[in-house]
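The values are calculated or read from the model by the stated rules, or taken from the named source; none is laboratory data. Every value quoted in this text rests on a predicted model; they were computed, and no experiment measured them. Because the Cβ atoms are built from the backbone with ideal geometry, glycine has one as well, and the counts that use them run over all protein chains shown. Surface areas here come from the heavy atoms of the whole protein model, side chains and all, with no ligands, DNA or RNA. Shrake-Rupley method; radii C 1.70, N 1.55, O 1.52, S 1.80 Å.
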Amino acid sequence: MKKISISDLSKYVGEEISISGWVYHKRSSGKLHFVVLRDGTGYLQCVYFKNNVSPEVFELTESVGQESSVICKGTVKEDKRAPGGFELDANDFTVITAATDYPITPKDHGIEFLMDHRHLWLRSSKQVAILRVRHRIIKAIRDFFDGNGFTLVDSPILTPSACEGTSTLFSTDYFDLGKAYLTQSGQLYAEAGAMALGKVYTFGPTFRAEKSKTRRHLTEFWMVEPEVAFNDLNDNMDLAEEFLEYVVQTVIREREAELKILERDITKLQNVKRPLPRISYDEAVEILRKNGVEFEWGNDLGGGDETIISNQFDRPVMVHRYPSEVKAFYMKRDPENPKVALAVDVLAPEGYGEIIGGSQREDSLDLLLERIAQHNLPLEDFQWYLDLRRFGSVPHAGFGLGIERTVGWICGLDHVRETIPFARMIYRKTP
Ligand code: 4AD
Ligand code: MG
């Protein structure tokens, strides 16, 4: 008898097959017992009719506990009303390992309980759908860059210095060499890669000891960071919008079923098409003031400010030329107005906030030295980075997209904790 996956049922209509999985739900009505099986690829209702199976099997299909691992055998039947479109006219049932008192029952649990049981919560249909969307987002990201002449250059996780400011570094003892820090961003290394290979991206976990307890912040998150030699700020924005359109359109096409399980209104995502609106920070401040916010020029935009700005548009908005005081040391200042940096943030619609941060990089050795001094960064640690300006410096630009915020937005979730298999936050490092 053929051992198959639920996702392959359509090829076996009318045939006898065997499926291994876990008991998701069950119910009974007299002579019929229904066992809903899940195997990670889908859900299948297995129908046990009293007269077709032994009394032991019939009894077992009623007494078996939720999440017991089992093997169901029977004939595949097409059934338009069944979830997934198929049913199993079942004739045998074997328990691999019985489970009793599975802690996550269909009743409502509080979020802390669910996060404590994250290793089990992952099995529920909503979490499975989110992880499948996450995987497809990551695949679309890789496909986009791989298909556009970019080379993947992995950046180190253990680093000697800060990239995004010293206040949010996790540190660890590093043998006789003092402290090492978990990377906040692979960007500085991606810049070295771009000088070697032209168009590169780095993709990996990044770490920030952020004290923020918001629905957008994790202490460990994944970031993809393209970096391109000879790109300026405008080229960078062109790349960001083409990239976002590709990722979102691919995911809504390829993960329709999962987005339906998540009850995501995809009409809003269908709007994610070029051109995306581009406004300057100055224009963003105007919008805030028109909406009654007493906003002082020079401040960074807060989460609430981002929501007000993005609510003006039906698709993501790019905000460029932020005050250089609130941005990282490596961002190039605008030669036409040195008070602002050639930075761009992309704000997602529907209140999801910043999903991309990027900039054109400071390519002048002297100006970069000035910035490193202003930011009180240890010059010694940055000598290798300064070499990129000493030997054939060119204009270049790049950005970073946070995977979890992107998953949260595309799935329509209200917190990033559900967008990654095992979230790390200021108040959680388990399971
Ligand atoms: O704006 P950020 O800090 O930019 C950088 O790290 C640059 N070095 C990127 C580059 O130019 N190569 O972070 C980029 C993105 C944010 O827009 C956000 O999506 C995500 O990373 N991010 C976080 N996601 C979850 N939790 C956090 N604590 C995050 N901090 C940033
Ligand atoms: Mg940012």
Practice task
Report in % the part of the accessible area of the chain that belongs to carbon and sulfur, leaving out ligands and nucleic acids; probe 1.4 Å.
Solution key: 50
Practice task
Give the calculated FRET efficiency between Ser69 and Asp381 to the nearest 0.05, with a Förster radius of 51 Å applied to their Cβ-Cβ distance.
Solution key: 0.50
Problem - Max mean-square fluctuation residue, GNM over the chain, Cα-Cα springs under 10 Å, options Ser124, Ser393, Ser63 - result: Ser63
Completion exercise
Expressed as a whole-number percentage, the relative contact order of the chain with C-alpha contacts under 8 angstrom and at least six residues apart is 13
Practice task
Rounded to the nearest 0.05, what FRET efficiency do Glu62 and Lys290 give with R0 = 60 Å and r taken as the Cβ-Cβ distance? Could you check?
Solution key: 0.40
Exercise for the section: Please calculate how many Å² of accessible area the chain carries per residue, with a 1.4 Å probe and no DNA, RNA or ligand atoms counted. Expected result: 47
Handout entry: For the chain, built as a Gaussian network whose Cα springs stay under 10 Å, the top-fluctuating residue of Arg289, Arg315, Arg361
Key = Arg289
Exercise for the section: Compute the distance in nm between two label points, each set 7 Å from the Cα along the Cα-to-Cβ direction, one at Ala257 and one at Ile426. Expected result: 4.1
Problem - Normalised contact order of the stretch 304-431, rounded percent, pairs of Cα under 8 Å and 6 or more residues apart - result: 20
Problem - Rounded accessible area of Tyr330 (nearest 10 Å², 1.4 Å probe) - result: 10
Practice task
Ignoring everything but the protein chains, give the 1.4 Å probe accessible area of Phe391 in square angstrom, nearest 10.
Solution key: 150
Handout entry: Label-point gap, in nm, between Leu369 and Asn337 - each point 7 angstrom along Cα→Cβ
Key = 3.0
Fill in the blank from the handout: Convex hull around the C-alpha positions of the stretch 16-122: the volume in Å³ per residue is 113
Fill in the blank from the handout: The rounded separation in angstrom of the Cα centers of the stretch 1-73 and the stretch 184-241 is 47
Fill in the blank from the handout: Given all pairs of distinct Cα atoms, the stretch 8-60 yields a Kirkwood Rh in Å of 12.2
Completion exercise
Between Gln249 and His415, the two model label points (7 Å from Cα along the beta-carbon direction) sit apart by a distance in nm of 3.5
Practice task
Note the full-extension length gain between Lys31 and Thr166 as 0.36 nm times their separation in residues minus their Cα-Cα distance, in nm to one decimal.
Solution key: 41.8 nm
Problem - Mean residue ellipticity (222 nm) of the chain, computed from DSSP H runs ≥ 4 via -39,500 (n - 2.57), nearest 500 - result: -9000 deg cm²/dmol
Completion exercise
Per the C-alpha gyration tensor (a ≥ b ≥ c, the square roots of its eigenvalues), the stretch 125-211 is rounded if a/c is under 1.5, else prolate if a/b beats b/c, else oblate; here it's oblate
Completion exercise
Of Thr100, Thr159, ordered by accessible area with the largest first and a 1.4 Å probe, the sequence is Thr100, Thr159
Problem - Heavy atoms of Lys26 accessible to a 1.4 Å probe, total area in Å² rounded to 10 - result: 80
Fill in the blank from the handout: Percent antiparallel among DSSP beta bridges confined to the chain, rounded to 5, stands at 85
Exercise for the section: Leaving ligands, DNA and RNA out of it, rank Tyr385, Tyr352, Tyr427, Tyr189 by accessible area with a 1.4 Å probe, largest first. Expected result: Tyr427, Tyr189, Tyr352, Tyr385
Practice task
Calculate, for Asn52 and Lys11, the FRET efficiency according to 1/(1 + (r/R0)^6) with r their C-beta to C-beta distance and R0 22 Å; round to the nearest 0.05.
Solution key: 0.40
Practice task
Give, in whole angstrom and from largest to smallest, the semi-axes √(5λ) of the equivalent ellipsoid of the chain, with λ running over the eigenvalues of the Cα gyration tensor.
Solution key: 50, 23, 20
